[in-house]
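Beneath this line is the structure, given in C-alpha cells, with notes to follow.
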Amino acid sequence: MSNIVAIVGRPNVGKSTFFNRLTETRSAIVDETSGVTRDRHYGKAVWNGVEFSVIDTGGYVEGSDDVFEEEIRKQVILAMEEADAILFMVDVSDGITDMDQTIADILRRRGKKAFVVANKVDEPARTFEADIFYRFGLGEPYRISSANGSGTGDLLDDLVKSFEKKTAESLPELPRIAVIGRPNVGKSTLVNTLLGEERHIVTPVAGTTRDSIYTRYNKFGHDFFLVDTAGIRKKGKVSENIEFYSVMRSIRAIENSDVCLLMIDAQTGCEAQDINIFSLIRRNSKGIVILVNKWDLVEKDTHTSKRMESEIREKIAPFTDVPVVFISSVNKQRLHKVLELAMQVYGNRIQRIATSRLNDVMLKAIEDYPPPASKGKFIKIKYVTQLPTHAPSFAFYCNFPQYVKDPYKRYLENKIRENFNFTGVPIQIFIRMK
C-alpha cells in the first residue's frame, strides 16, 4: 500500500519544481496528473525501491492576501489529516516569513511527521543561511536545491525510512471494492443502501492505513470489503475545501482497492473531473465499473442511455472495454447488477492465462499482422508471457524492442482483449529483448 506525501508551503518557494523532480526524473516514475482538482498535482515517485504518492498542495487561490493565507492554512491542515508525511518547504533566500511561521505552528501543534525543506540552497554560502529554520522547532532543516537536485537524496532517504511498514495481514484475502467519484454524485447513498439492508451482516474492520475503513459485505452470495472513501464519513471542518479533501481520500481509496466503482452524475453527464478520476484509476491498474447514478431523475426516450453510454466511451478512449451501468442508489435500481459486475471485473483482474494458450493465440495474431519494419529493421516477436504482477501485464520478447511503437502495442492489447476476458481491467504491454 502506497504512502502519501504532501508538499506544503507558501507560494513560490519551489514546491512544484520539487514535485516535478520527484515525479518525472526518477527512473521508475509513472506520471503526474495536473488538474485533478483545479491545479492540484498528484503523482507517483519511487526512491530506493519504495513507491509513494506525492501531492503538491500548490496554491490555486485567487484574491486578497488574507484569503490566500486562509486557503493555504486550510490545505496544510487537510494535507496533514490525509498524508503519511509532510515536506514543509521554505525559501532560504527569504528567511522566515509570517506565513512560514503560521504553517510551522500548525505542524508543531499537530505533531505530524514533518521534514523542513530549505530550498534554493544553490551554492555553499547558502548552507549556513538555512540554520535560521531550526527556530521552527521541527528538527534539522534539509538543505536542497529543487532546480539542480542537490541535497534531495538525503531527504528522500530519511523520508522513505520514516514510512511505517503497512501490512494487510489483519484483513482476510477478499476483494476490495471502492466507490469513487466527485463530491455529491451519490457515493454515500450507494454505500448506505448496500450496507443498510441488514446491518447485522456487516462488520466494520479497521483498515491497515490510518484512514481507510474496510467494511465487510457478506450477503446475496457476495463477500468483499467496501473501502471507505470521501463522502462516506465526511469531516465537518472540511466542507469549504471538500474538493481537495475528496481527491486525497479518493487517491487513498483507489490505492487500497482492487476494483473501483466510478460514479458519474446522470444529470451533469461525464465531466473533466470524472475523466481525471478515471485516468487515476487506470494508471493505478485497478478494475473499473462506471455507474451512472440518479438515472431516475433524467428525462428519457428510447435512445437516452445508448447516447450517454457512447458519449462516456468516447471520452474515456482508448480504454473503452469498461462496463457502464445506469443506476439509482435511492430507488435501489440495478444495484445487484453492480455487485455482479464488480465481482466479474475482480475475477478478470486476477486471472492468469496459460503461456502455451497465450502463445497459440498471440503468435497467430502477430503472424497475421506483423509489426511494421522500422529504419530497415524487421521486427520478429518470438514469445509472449503474462508477468506475475497484481494487475494483468504481458511481456512480448523480440529482436528490436525499441522499434515497436504504441499503435502496435494497442493492436496487441486489442487482440488480447478479443481472445480473453479482461473487461474493466487496464492491461500493460511490455516489449522486451529476447
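The values are calculated or read from the model by the stated rules, or taken from the named source; none is laboratory data. Quick caveat, the model's predicted, so the values are computed rather than measured. Backbone-built Cβ (ideal geometry, glycine too); neighbour counts: all protein chains shown. We work out accessible area using only protein heavy atoms, side chains counted, and drop any ligands, DNA or RNA first. Shrake-Rupley method; radii C 1.70, N 1.55, O 1.52, S 1.80 Å.
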Revision key, fill the gap. Only one of (1) assigned to a loop (DSSP other than H, G, I, E, B); (2) open to solvent by less than 10 Å² (accessible area, probe 1.4 Å) does not apply to Asp122, and that is (2)
Exercise for review: Can you run down the residue pairs with Cβ atoms below 8 Å, 6 or more apart or on separate chains, where the first is in segment 303-327 and farther than 13 Å from Cys270 by Cβ and the partner is part of a strand (DSSP E or B) and acidic (Asp, Glu)?
Suggested key: none
Exercise for review: Kindly check whether there is at least one residue in segment 332-352 that is touching a Pro at 6+ places or on another chain (Cβ under 6 Å) and either at pLDDT below 95 or farther than 25 Å from Thr193 by Cβ (or both).
Suggested key: no
Exercise for review: State the number of residues belonging to segment 392-413 that are touching a residue at least 40 places away in the same chain (Cβ under 8 Å) and open to solvent by 10 Å² or more (accessible area, probe 1.4 Å).
Suggested key: 2
**Study point:** Answer from Leu262, Leu291, Leu280 - the residue that is outside any helix (DSSP H, G or I), in contact (Cβ under 8 Å) with a residue 12 or more places away in the chain and either farther than 21 Å from Lys332 by Cα or touching an Asp or Glu at 6+ places or on another chain (Cβ under 8 Å) (or both)
**Key:** Leu262
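For every residue, the table says whether it meets (1) of a type in the set (Phe, Trp, Tyr); (2) in a helix (DSSP H, G or I); (3) open to solvent by 10 Å² or more (accessible area, probe 1.4 Å).
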| position | (1), (2), (3) |
| --- | --- |
| Met89 | no, no, no |
| Asp100 | no, yes, no |
| Asp105 | no, yes, yes |
| Arg108 | no, yes, yes |
| Lys112 | no, no, yes |
| Val116 | no, no, no |
| Thr127 | no, yes, yes |
| Ala130 | no, yes, no |
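Looking only at segment 361-391, count how many residues are open to solvent by less than 30 Å² (accessible area, probe 1.4 Å) and not in a helix (DSSP H, G or I). Spell out the reasoning first.
If we filter segment 361-391 for residues that are open to solvent by less than 30 Å² (accessible area, probe 1.4 Å), which is where we start, we get 361-362, 365-366, 371, 374, 379, 381, 384-387, 391.
Still in the list and also not in a helix (DSSP H, G or I): 371, 374, 379, 381, 384-387, 391.
Of the residues in that region, 9 qualify.
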Point to revise | Residue check for Ile416: surrounded by 15 or more Cβ atoms within 10 Å (Cβ to Cβ), β-branched (Val, Ile, Thr) and closer than 23 Å to Phe319 by Cβ | key: yes
Revision key, fill the gap. With criteria (1) over 24 Å from the mean Cα position of the chain (by Cα); (2) modelled with pLDDT of 60 or more; (3) more than 21 Å from Gly287 (Cβ to Cβ), Val202 comes up short on (2)
Exercise for review: Among residues belonging to segment 339-360 that are among the basic types (Lys, Arg) and in a helix (DSSP H, G or I), point out the one that is surrounded by the fewest Cβ atoms within 10 Å (Cβ to Cβ).
Suggested key: Arg357
Revision key, fill the gap. Pairs returned, first residue in segment 82-108 that is touching a residue at least 24 places away in the same chain (Cβ under 8 Å) and within 20 Å of Phe19 (Cβ to Cβ), second residue that is among the hydroxyl-bearing types (Ser, Thr, Tyr) and not in a helix (DSSP H, G or I), beta-carbon separation under 6 angstrom, 6 or more apart or interchain, are none
